[in-house]
4 protein chains.
Amino acid sequence: MQRRMPPSPGRLGRPRSAAADEAILDATRAALVDLGWSKLTLGDVATRAGVAKTTLYRRWAGKNELVVDAVAVLFDELELPDKGSLAADIEGVVLQFAAILDRPETKTALMAVVAESTRDEPLRERIRTSIVDRQKRLVLEGRARAELRGELPASSDPHTAAATADLIFDVAAGAVVHRTLVSAEPVDAEWVRRFTALLLGGLAAASH
Amino acid sequence: MQRRMPPSPGRLGRPRSAAADEAILDATRAALVDLGWSKLTLGDVATRAGVAKTTLYRRWAGKNELVVDAVAVLFDELELPDKGSLAADIEGVVLQFAAILDRPETKTALMAVVAESTRDEPLRERIRTSIVDRQKRLVLEGRARAELRGELPASSDPHTAAATADLIFDVAAGAVVHRTLVSAEPVDAEWVRRFTALLLGGLAAASH
Amino acid sequence: MQRRMPPSPGRLGRPRSAAADEAILDATRAALVDLGWSKLTLGDVATRAGVAKTTLYRRWAGKNELVVDAVAVLFDELELPDKGSLAADIEGVVLQFAAILDRPETKTALMAVVAESTRDEPLRERIRTSIVDRQKRLVLEGRARAELRGELPASSDPHTAAATADLIFDVAAGAVVHRTLVSAEPVDAEWVRRFTALLLGGLAAASH
Amino acid sequence: MQRRMPPSPGRLGRPRSAAADEAILDATRAALVDLGWSKLTLGDVATRAGVAKTTLYRRWAGKNELVVDAVAVLFDELELPDKGSLAADIEGVVLQFAAILDRPETKTALMAVVAESTRDEPLRERIRTSIVDRQKRLVLEGRARAELRGELPASSDPHTAAATADLIFDVAAGAVVHRTLVSAEPVDAEWVRRFTALLLGGLAAASH
DNA sequence: ATATAATCGAGACGGTACGTCAAGTCTTCTT
DNA sequence: AAGAAGACTTGACGTACCGTCTCGATTATAT
């Protein structure tokens, strides 16, 4: 969780309050729920957190960075449950992802920071390390587990394997995001079943 | 293309300048390219368009509505080319979509308005009618053409057919958007080939 | 009552509505009562009068000129009643003047246009001819009547006589205005009696 | 000198810049000279003062309050010079008052705020305490000094004395204001001499 | 214990953009 | 030509946040 200035060189002076950090991130999520991304103001977050605006700016460079950090922790709960089959595993994790994305904090904030990141490379990097890579890891774990189970052949060419993982990731994450935010339809069990069937069928066909 | 006040009931008074409309939308796209979504200001757009701020506010309710209209026309060029096979058709249209999405105006603005739309139902509706439905139509046309060619069986259950079209749409649009904006990787011929193979393979497998 | 353009050169086309004039001046007075000088807008006046803004601007150059005309007619009712003695005459006219000045239309507007006129010579001229000279005439009439009655000696030096009339006018009008607007105290019979005594005493003393 | 928010209760936070106050009032007077009351804008004043508009609004509620404060200090120089006789004292102070009123800052602003004050009681109170009472004090001092000199009998009934002082004040201030602003004639030595003769003659006659 | 130094809450600061309002002009159709 | 209607340009309004700064007051380590 990157900060503006690593506060560390010598350690003279009063140390930064650890409690303030959590209070600020909590306040940020609460403000996102109440106000949405565009009406959230750092002054309001500071007030909610019981903290001065300077304290906030000492730790984060701006709204984007703060919100990324506030939302990132929500993705920590994502994990790949072992449900016995690749299809069931995928359905489980897609449902988890959809559940996180359906929260008001996430829904309003995630696409906003992604939009900002198209003109702010450091922000994109922060999003990648804090949020995206955490999801991508699940794809790799899922593949590895499926290979162990014998549901998928061991990956031969590592280049092809990586490209396939990227593709699966863009397809899965993209589909869930698009259905949730653009189509504004629920990602329910029925939809997930159909999506998983499509994905696995496509993978099987593509591996010939 | 909805406006703030349908200007028309009787036709008393001076009519609204039609030229101003185009000037404003052009200026909006130019400002998006130069400044990006978050730094675009309506005052600046008005200045670029050679128009007073009030003229702008008379026609659009705010930044969101204006940007949706400005970006929407870019999607008008999307069409389903007949390249002889379903796979080729899909690849063609996906590449077209990716090309539009890769433009600076679109890249910076589209996700931003989608993010806003999570808290603004009329805005979501406007996005849907101005942009999304225009793309969705292509999915339906592609299916119809493929059935004519005999590449796909005639759709039996209309409910299932509709759900499948929705799924394909979310998968295709979502994957392209995610790869472009989140992964920030190019949607090139190679990627489109792999994606199309996955999609068609999945469809074939799912239809058993 | 000067207008912007004497509408007269040839008399082609539709003639100006005479009714509009009265409607506009009435609306102006009503708006002054409701809103005061600074919040009065010409658009609102036009609406109240049931008239288009263009009609209003065709006849008056702006807010100042319009208000002067609207208020001026109120001073038409000023007249010098013959109450038998100079003192009684003065008391009567001062009370009349104070009554007009105490109306909400007048109170809020008169000093405002005078303030404007310090930087607008044509406006000052319009105020003088429309309002001030109408009052000054009363001073001259009063003096003439008093000389006829033998209460004052016939004016010898015309220069001195004119200067004295000016002085009396500034003193009387100024005192009433100041008491009404600045001191915000009522100009009642008691005050008028004391003021008149002061004025006449001073005149008598000064004529030795 | 009242402000919008008495900034004082605790002394937390950064204190208000004292230099800004003077800069703003100076800029206000300069803008009055250049533009006059009605064309003066707070944005322009802020720019002239090298200050942000918000700083200005933090301290004054609006144009009226600001201008009253800016003009009020000019009246601080008013004082009652001891010239040996009541007549000479009055002439001196009337000339001083006329000189202040003849300044472009004062001429354009004073009647304007008085006009506004007819619909704004707090503004009238501010004018009274900041400007008017400062002048009225001179009348009382003048009377006291004249009684000491034996030029006037000691005031017997305090009620009558107060009423007389008020009357003198309205007459003197009103006459000077009216001659300066309405008649637009100079308050020169000759006029002051005649006015003083009238006033003192009237007072003497009224005291019998 | 006593500097030294970075933190803290509070709030003023110079800016920028907001969205609205009124002024005064212009363009259309109607009278 | 005048009229009503209403769009037009211009420019000021007063507010909201931005991100920085200046205070006095804590709260640590380093002398």
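The values are calculated or read from the model by the stated rules, or taken from the named source; none is laboratory data. A quick note: this is a predicted structure, and the numbers were derived from the prediction, not measured. Here the Cβ positions follow ideal geometry from the backbone for every residue, glycine too, while neighbour counts run over all protein chains shown. All accessible areas refer to the heavy atoms of the entire protein, side chains included, with ligands and DNA or RNA removed. Shrake-Rupley method; radii C 1.70, N 1.55, O 1.52, S 1.80 Å.
Annotations for the structure displayed:
- Summary for D:R119: label point 7 Å along Cα→Cβ; distances to the equivalent points in the other copies, ascending, 2.0, 3.8, 4.4 nm.
- 7 Å along Cα→Cβ, label-point gaps from C:V33 to other copies, nm, shortest first: 4.4, 5.6, 6.1
- Charge tally in the Cβ shell below 15 Å around B:E190, where Lys, Arg are +1 and Asp, Glu are -1, B:E190 excluded: -3
- Evaluated at q = 0.13, 0.20 Å⁻¹: base-10 log I(q)/I(0), Debye formula over Cα of segment D:114-208: -0.57, -1.14
- Candidates B:R194, B:R128, B:R11, ranked by Gaussian network fluctuation over chain B, Cα under 10 Å, top entry: B:R11
- Relative contact order (%) - criterion: Cα under 8 Å, at least six apart; region: segment C:94-208: 34 percent
- With DNA, RNA and ligands ignored, accessible area of B:S130 (1.4 Å probe; Å², nearest 10): 20 Å²
- Directionally averaged shadow of segment A:18-59, computed from the convex hull of its alpha-carbon atoms, nm²: 2.5 nm²
- Hydrophobic, long helices, defined as DSSP H runs whose alpha-carbon span along the helix axis is 18 Å or greater and whose mean Kyte-Doolittle value is at least -0.5, occur in chain C at C:18-35, C:86-101, C:104-117, C:158-177, C:189-206.
- Ranked packing of D:173-182, B:139-148, C:29-38, most packed first, by mean Cβ within 10 Å: D:173-182, C:29-38, B:139-148
- For the segment B:181-188, counting C-beta atoms of other chains within 10 Å of every residue's C-beta and taking the mean gives 6.
- In this simple spin-label model, placing a label point 7 Å from the Cα along the Cα-to-Cβ direction at both B:E121 and D:R128 gives a separation of 5.5 nm.
- Convex hull volume per residue in cubic angstrom - Cα atoms of segment D:109-165: 98 Å³
- For the protein assembly as shown, the solvent-accessible area works out to 47 Å² per residue, with a probe of 1.4 Å and every protein chain left in place.
- Couplings for segment C:76-81, taken from phi via the Karplus curve 6.51 cos²θ - 1.76 cosθ + 1.60 with θ = phi - 60°, read 5, 6, 4, 8, 9, x Hz in order; Gly and Pro are left as x.
- Our compactness index for the protein assembly as shown, the C-alpha radius of gyration over the empirical 2.2 N^0.38 Å, is 1.44.
- Chain D: relative contact order as a whole-number percent, Cα under 8 Å and 6+ apart: 21 percent
- Listed by chain and number, the lysines whose alpha-carbon sits under 28 Å from that of C:K107, ignoring those within fewer than 8 places in the same chain, are C:K39, C:K53, C:K63, C:K83, C:K136, D:K39, D:K63, D:K107, D:K136.
- Calculated over chain D: convex hull of Cα atoms, volume per residue (Å³): 151 Å³
- Segment B:141-197 and segment C:79-129: distance between their alpha carbon centers, rounded to Å: 84 Å
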